[in-house]
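This report concerns only the one structure given below.
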Amino acid sequence: MSTETAHTPNYDDAVTKKFLIASVTWGAVGMLVGVICALQLAWWPANLNVPWLTFGRLRPLHTNAVIFAFTGNFIFAAMYYSMQRLLKTRMFNDVLSQVHFWGWQSIIVAAAITLPAGLSQSKEYAELIWPIDIAIAVIWVVMAVNFFGTIAIRKVKHLYVAIWFYMSMVITIAVLHIVNSLVLPASATVSYPVFSGITDALVQWWYGHNAVGFLLTTPILGLMYYFVPKTAGRPVYSYRLSILHFWGLVFLYIWAGPHHILYSSLPDWAQTTGVVFSVMLLAPSWGGMLNGLLTLRGAWDKLRTDPLLKFWVVAITFYGMSTFEGPMMSIRAVNALSHFTDWTIGHVHSGALGWVGMAAFATFYYMVPKLWNNQLYSVKAATLHFWLATIGIVLYVMAMWTAGITQGLMWRELDADGQLQYPNFMDTVLQLIPLYWIRLVGGTMYLVGLLVMAWNLVKTASGVAPKDGPEQVTAAPESLPTPAK
Amino acid sequence: MADSMHRKLIESKGAVMAVLTTVAISIGGLVEIAPLYSEALGPEPMEGIEPLTPLELAGRDIYVREGCYNCHSQMVRPFRDETLRYGEWTRAGEIVYDRPFQMGSRRIGPDLQRVGGKYPDAWHYEHMDDPRATSPGSIMPRYSWLKERQIDPEAVQASMRALQTLGTPYTDEQIADAPAAIQRQGGEIVARLEAGNLSAQPDDQIVALTAYLQQLGVAGRKAIQAQKDAAAALEAGTEIPASVED
Amino acid sequence: MSKTQDQVLGHGDECDGIEEYDNDLPAWWVGLFILTVVGGIGYAINYHFVSETSQLAQYQAEMAEAEAQWPAMDMTATVVVTEEMLAEGKDLYMTNCIGCHGPEMKGGIGPDLTDAEWVHGGTFNEIQNTISKGVPEKGMLSWEPILGPQKVQKVTAYVHAAGGGQ
């Protein structure tokens, strides 16, 4: 079999390009909204006294935009790119691909209009009103048909590990979304869920936690298994580890939702399952980290010059860190302190900015030169982006850790009489304001980094001659070591 | 070797992989969620827990619309510092009619599950108009437009009908009476606001939101106190013969 | 099992040229997995069946311990006002009361506390009672659940002294 090349005419790369452009664009929008939210917490008048700019309406827009618009489009771009090559097959049906793309973008536009308008179901990461929920389900099924159709007509016998992870996303997100969206409409925009009270809380966080698991984790692991060996030109460290950590992850992840509702009126036994399965998730998660980092063995020398590898190393490291932090925060005693504080915000951003974002950037820098058949315009700009993003994340996460632990400790602090030391809630809020400014700086750096990337990628795509000279341009080796059969 | 079995039996068959994945991701959710629907484990409403009145329901829809849950939780945890600060911890039996449960995940502001009755109506009015008037240094946005907009009684009736279908015990009479009930309950709040030289209409959004906030955790607190009293009475009753035996 | 490291499996043809090594699972990783599984199950068994803990039992223990350490205080007993109490009371006033009564106690939303008129009584116990229980119909909060009895007494001492109570 001849070596695969990036420009095999057979593949539908047009749809990949569209998803990629959408991801970068919506990423800029979603992160800008995040920066505005951060500013509003440090300086409330930033909402300009406009109802649709208030924090309560913008924060869902931020979370939905970065999860479903930035990450969603990124995953689809990487998935369409890699699965066609891994299966040596053009996508099953080009019309379905187009319906998927335009349908998904329409949903995002609808979200961007309805959320600031205050049309919301108030379920975290599932705020969108019921008609949009139905549209999401339909488009997801369209994507699933295309996905499984491509698998059915594939020209290779075995499915590579990346495909397993993509499949777990396609199946699980469908189940989560449909169950969590079971509502009875009262009007075109208002609806009430079939679940209520503590049962509703459990369903919400079964969804919420696993949306993180199967949208922000497993598909990114899947594409890591494609893009890391490609970028580094190294074989995957251990096939056996792939098998074990994949099944460990998909089986254990789904149980961990109740760690979001510890010390609630959820029955103790259900809370315990959330604690125990979260702790058990550590090893399967780290299996992914190990396979990622150990695949880079022997490519460390390239790390100095190749920004793509830098992005991957930081992404995988943050994945390892946040999958250690997560189980720790699920332990009852730690959760008692961390829950309801900014520690959680820090945790989710070390995963979102550190893992998802950095993996996305590495993937974009890999795909754009290949898709547009040009060399990356500026390696220096990519390196600048790397440092802006990395320092931005560190500032963000450190500020939120400090804020979270400070507030958690102040809430429970007792005076000599056994009464609350800080009975006025404002006491704790005022302590956090300086940290909110630091978070704003970190988040802004991350956004600026993204804009630098966007500029660099536009230059690359438009075929401007590389600025830093062809020698330094990073391009993954097209051919990998031939197997010793 | 397990690896080669996996390769032969699973990786080569997309359908097998899909079925096994579906099974793997279904078990956890089923084991955790399904038992809450059994009679023994599912939460029952506590004594005196009633569905929201039409005005309170309208207020709750405003709470949802403005995304209050993004900064305010509604779940007091069973820790002494939390019960000192907020009041009794939140029981499953007092939130059975909450769809969706407004638990929240972050306390940028304080928990609100037991805020009902903690402040006078006028406090909420002033606080929504400008949070810094009542809480110096607050970072909460102003919600002054709630004073200028009114609720739609027909929308409230549609909401009540949907909730009734889902099992919330609203009667048809209550639904038919909703517009009048809004005027009655809103009128009481307006009267209290006017006593403090504030003016409002019974169907103002700020009045509805105040009505919703003012009932939060109140019936639950009473139900919990009743349970405690009953338990104390029972204990007092059984302790005497026990000490006699000693 | 000992095995040669870094043997490629030869799957590359089916993976867009990506190869996979036949490396064994890292021993420490296997150990970690077993540890978390065994530890997790052990924790659950201990929590529910051996030590028979529950979050309610933990809460009740915490409350009982606090009651033993800080017995309920008698708010009717005569108070000897100290300098420290006044200083702490002033801090509490500045954090919690100035919104309505002003930094100079000259009033605002709430009444002037420095004039001769005490709407709800001006003795130490009367002021303490007003702060403790509040005046709901006028918007004065019930502060005891918020501040606790000791802090209420300190604010009372400050208001009584600085406002010229009877």
**OP:** Over 30 Å, how big is the tail of the calculated P(r) for chain B, in percent of all Cα pairs?
**Re:** 43 percent
Original post:
Rounded to the nearest 10 Å², what accessible area does residue A:108 show when all protein chains are kept and the probe is 1.4 Å?
Top reply: 20 Å²
Subject >> Interface residues, the range B:74-101 - accessible area loss of 50 Å² or more versus chain alone, probe 1.4 Å >> reply: B:75, B:77, B:78, B:79, B:80, B:81, B:84, B:85, B:89, B:99, B:100, B:101
Original post:
In the protein assembly as shown, what % of DSSP beta bridges are antiparallel (nearest 5)?
Top reply: 80 percent
Original post:
Which of these, C:50, C:135, C:79, has the largest mean-square fluctuation under a Gaussian network model of chain C (Cα springs below 10 Å)?
Top reply: C:50
Original post:
Placing +1 at every Lys and Arg Cβ and -1 at every Asp and Glu Cβ, with all other atoms neutral, what dipole size does chain B have around its Cα centre, in debye to the nearest 20?
Top reply: 1080 debye
Subject >> Charge dipole (the range B:141-221, unit charges on Cβ, about Cα centre) - positive-most of B:162, B:180, B:214 >> reply: B:214
**OP:** Figure the gain on full extension for residue A:113 and residue A:157 (residue separation times 0.36 nm, minus the Cα-Cα span) and round it to one decimal in nm.
**Re:** 11.3 nm
**OP:** Determine which aspartates and glutamates satisfy two conditions relative to residue B:222: a Cα distance under 14 Å, and not lying fewer than 8 residues away in the same chain.
**Re:** B:47, B:50, B:88, B:94
**OP:** State in Å² the accessible area per residue of chain A; use a 1.4 Å probe, count heavy atoms of protein chains only, and round to the nearest integer.
**Re:** 30 Å²
Subject >> Amide hydrogen neighbours beyond the local backbone of residue B:150, cut-off 5 Å, H modeled >> reply: B:205
**OP:** Report the one residue of C:135, A:115, A:239 whose Cα lies farthest in the direction of the positive end of the charge dipole of the protein assembly as shown (charges on C-beta: Lys and Arg +1, Asp and Glu -1; origin at the Cα centre).
**Re:** A:239
Original post:
How do A:311, A:425, A:68 stack up against each other in accessible area, from largest to smallest, with a 1.4 angstrom probe?
Top reply: A:68, A:425, A:311
**OP:** Kindly report, to the nearest 10 Å², the accessible surface of residue B:128 as traced by a 1.4 Å probe over protein heavy atoms only.
**Re:** 20 Å²
**OP:** Pick out, from A:296, A:102, B:113, the residue whose Cα sits farthest towards the positive end of the charge dipole of the protein assembly as shown, with +1 on the Cβ of Lys and Arg and -1 on the Cβ of Asp and Glu.
**Re:** A:296
Original post:
Amide H of residue A:236: which non-local residues (sequence gap of 5 or more, or other chain) have their own amide H closer than 5 Å, using H built in the peptide plane?
Top reply: C:19, C:20, C:21
**OP:** Could you give the DSSP H helices of chain C that reach 15 angstrom or more along their long axis (alpha carbon positions) and whose average Kyte-Doolittle hydropathy is no lower than 0.5?
**Re:** C:27-45
Original post:
Can you list, largest first and rounded to whole Å, the semi-axes you get for the protein assembly as shown by taking the square root of 5 times each eigenvalue of its Cα gyration tensor?
Top reply: 53, 29, 28
Subject >> Helix runs (DSSP H) in chain A reaching 27 Å along axis by Cα, Kyte-Doolittle at least -0.5 >> reply: A:13-42, A:94-114, A:130-152, A:161-180, A:307-330, A:379-412, A:425-461
Subject >> Contact order normalised by residue count of chain A, Cα under 8 Å, 6+ apart, percent >> reply: 16 percent
**OP:** Quote the charge dipole size of the range C:1-72 about the Cα centre in Debye, to the nearest 20; the model charges only the Cβ of Lys and Arg (+1) and of Asp and Glu (-1).
**Re:** 500 debye
**OP:** Give a residue-ordered list of calculated ³J(HN,Hα) values for the range B:139-146 (Karplus: 6.51 cos²θ - 1.76 cosθ + 1.60, θ = phi - 60°; whole Hz; x for Gly, Pro).
**Re:** 9, 6, x, 7, 10, 5, 5, 5
**OP:** Normalise the Cα radius of gyration of chain A by 2.2 N^0.38 Å (N = residues in it) and let me know the number.
**Re:** 0.97
**OP:** At a 1.4 Å probe radius, which order do A:348, C:80 fall into by accessible area, largest first?
**Re:** C:80, A:348
**OP:** For chain A, give the magnitude of the charge dipole about the Cα centre (Cβ charges: +1 Lys/Arg, -1 Asp/Glu; no others), in debye to the nearest 20.
**Re:** 1580 debye
**OP:** Kindly sort B:235, B:32 by accessible area of their heavy atoms, largest first, with the probe set to 1.4 Å.
**Re:** B:235, B:32
Original post:
Taking only DSSP H segments of four or more residues, each worth -39500 (n - 2.57), what value at 222 nm results for the protein assembly as shown once the sum is divided by all its residues, to the nearest 500 deg cm²/dmol?
Top reply: -19500 deg cm²/dmol
Subject >> chain B: DSSP helices with Cα axial extent of at least 15 Å and average Kyte-Doolittle hydropathy no lower than -0.5 >> reply: B:14-33, B:54-65, B:153-166, B:178-195, B:205-215, B:218-245
Original post:
Hey, which lysines would be in cross-link range of residue A:157, C-alpha to C-alpha under 25 Å, not counting anything within fewer than 8 residues on its own chain?
Top reply: A:88, A:230, A:485, B:8, B:13
Original post:
Straight-line reach from residue A:380: which aspartates and glutamates have Cα under 15 Å away, leaving out those fewer than 8 places along the same chain?
Top reply: A:306, A:468, A:471
Original post:
In percent, what relative contact order does chain B have, based on Cα pairs under 8 Å that are 6 or more apart in sequence?
Top reply: 25 percent
Original post:
Mind listing P(r) for the range C:44-166? All alpha-carbon pairs, 10 Å bins, whole percents.
Top reply: 12, 38, 23, 12, 9, 5, 1
Original post:
Given H placed 1.01 Å from N in the peptide plane, which residues other than close sequence neighbours of residue A:192 have an amide H under 5 Å from its amide H?
Top reply: A:184, A:186
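The values are calculated or read from the model by the stated rules, or taken from the named source; none is laboratory data. A quick note: this is a predicted structure, and the numbers were derived from the prediction, not measured. Heads up, the Cβs are rebuilt from the backbone with ideal geometry, glycines too, and the neighbour counts pull from every protein chain shown. To get the accessible areas, we keep the full protein, side chains included, count just its heavy atoms, and leave off ligands, DNA and RNA. Shrake-Rupley method; radii C 1.70, N 1.55, O 1.52, S 1.80 Å.
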